[in-house]
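The block underneath contains the structure these notes are about, expressed in structure tokens.
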């Protein structure tokens, strides 16, 4: 099976598919966070206005290679929880290969992020992967007060309000995206920091299974040389409204193209904090 197909089925965060394309899917271990630290720190006061997503949102996608359907993925915000003394969204993404692809390479992946509901940054990242004969259950925490990632036995420096490979999409959806400009997001994956530039390159109207949408087209690029070596251009279509729904992702590869297409969606409840 073409490795690109395998990775795209596992690409759970549409905007951050570039991270997964680079094969950075191994080596996380569990750690513990201090549940009182954030609440007691008076300087910890970032607030990001969020009218894009909320509790109960559910997005469903078909994953395709050319004209072939390879599987499906779901991204959802199923719960509002308290973590580190703060209100947080539990964000979950699952990906599954379809019956045909499962006959020779079964994929059943689940990724979760605990996303601060006020500051829109990650506190914890977890993934459970079943890809062929490979199985892994891995997690890590962020100490956002002291700008550290608790990664196995190591404590690593990270940028302020760093994102994980899933939370980065939700943060990007809250940002003011202007044609011809870029936003820059700090991302931590697989024990390393990967700054990302998201270029806003234009507007298009697209039709997918979920409907017809006016969209802003963005192109995410890892800023670390030698990390993201995809053989083509990755583009993501986000709705040109307050929701910034990811409705389409396409990447050209050496042979053909890979896509993720929105098939159904349920909007979430926007909450005040």
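Quickly run through the stretch 116-131 and pick out the residues that are over 30 Å from residue 47 (Cα atoms) and without any contact (Cβ under 8 Å) to a residue 60 or more places away in the chain.
Once the filter is applied, which keeps residues that are over 30 Å from residue 47 (Cα atoms) and without any contact (Cβ under 8 Å) to a residue 60 or more places away in the chain, the stretch 116-131 yields 128, 130.
Looking at the stretch 179-194 only, could you name the residues that are farther than 22 Å from residue 76 by Cα and in contact with a helix residue (DSSP H, G or I) (Cβ under 8 Å, 6 or more places away or on another chain)?
Once the filter is applied, which keeps residues that are farther than 22 Å from residue 76 by Cα and in contact with a helix residue (DSSP H, G or I) (Cβ under 8 Å, 6 or more places away or on another chain), the stretch 179-194 yields 183, 194.
So which residues in the stretch 234-273 are part of a loop (DSSP other than H, G, I, E, B) and under 16 Å from residue 70 (Cα atoms)?
253, 255, 256
Looking only at residues that are in contact with a helix residue (DSSP H, G or I) (Cβ under 7 Å, 6 or more places away or on another chain) and outside any strand (DSSP E or B) in the stretch 145-178, which one is nearest to residue 195 (Cα to Cα)?
So the residue we want is 165.
Out of 150, 177, 115, 166, which single residue is buried (at least 17 other Cβ atoms within 10 Å of the Cβ), within 24 Å of residue 243 (Cα to Cα) and over 16 Å from the mean Cα position of the chain (by Cα)?
Only one candidate qualifies: 177.
Just to verify a result, which residue in the stretch 103-112, among those that are over 15 Å from the mean Cα position of the chain (by Cα) and touching a residue at least 12 places away in the same chain (Cβ under 8 Å), is nearest to residue 78 (Cα to Cα)?
So the residue we want is 108.
Does residue 221 qualify as being surrounded by 14 or more Cβ atoms within 10 Å (Cβ to Cβ) and not in a loop (DSSP other than H, G, I, E, B)?
yes
Taking the stretch 43-79, which residues are in a loop (DSSP other than H, G, I, E, B), over 21 Å from residue 141 (Cα atoms) and at pLDDT below 95?
66, 67 - these are the residues of the stretch 43-79 that are in a loop (DSSP other than H, G, I, E, B), over 21 Å from residue 141 (Cα atoms) and at pLDDT below 95.
Would you please name the residue that is nearest to residue 45 (Cα to Cα), looking only at residues in the stretch 132-144 that are surrounded by 23 or more Cβ atoms within 10 Å (Cβ to Cβ) and touching a strand residue (DSSP E or B) at 6+ places or on another chain (Cβ under 6 Å)?
Step by step, filter the stretch 132-144, then rank; the result is 142.
For the stretch 92-103, does any single residue satisfy the condition of being in a loop (DSSP other than H, G, I, E, B) and surrounded by fewer than 20 Cβ atoms within 10 Å (Cβ to Cβ)?
Within the stretch 92-103 (the criterion being in a loop (DSSP other than H, G, I, E, B) and surrounded by fewer than 20 Cβ atoms within 10 Å (Cβ to Cβ)), the answer is yes, since at least one residue qualifies.
How many residues are part of a loop (DSSP other than H, G, I, E, B) and closer than 20 Å to residue 117 by Cα when one looks only at the stretch 179-202?
1
The values are calculated or read from the model by the stated rules, or taken from the named source; none is laboratory data. Quick caveat: nothing in here was measured; it's all calculated off a predicted structure. Cβ atoms come from the backbone with ideal geometry, glycine included; neighbour counts cover every protein chain shown.
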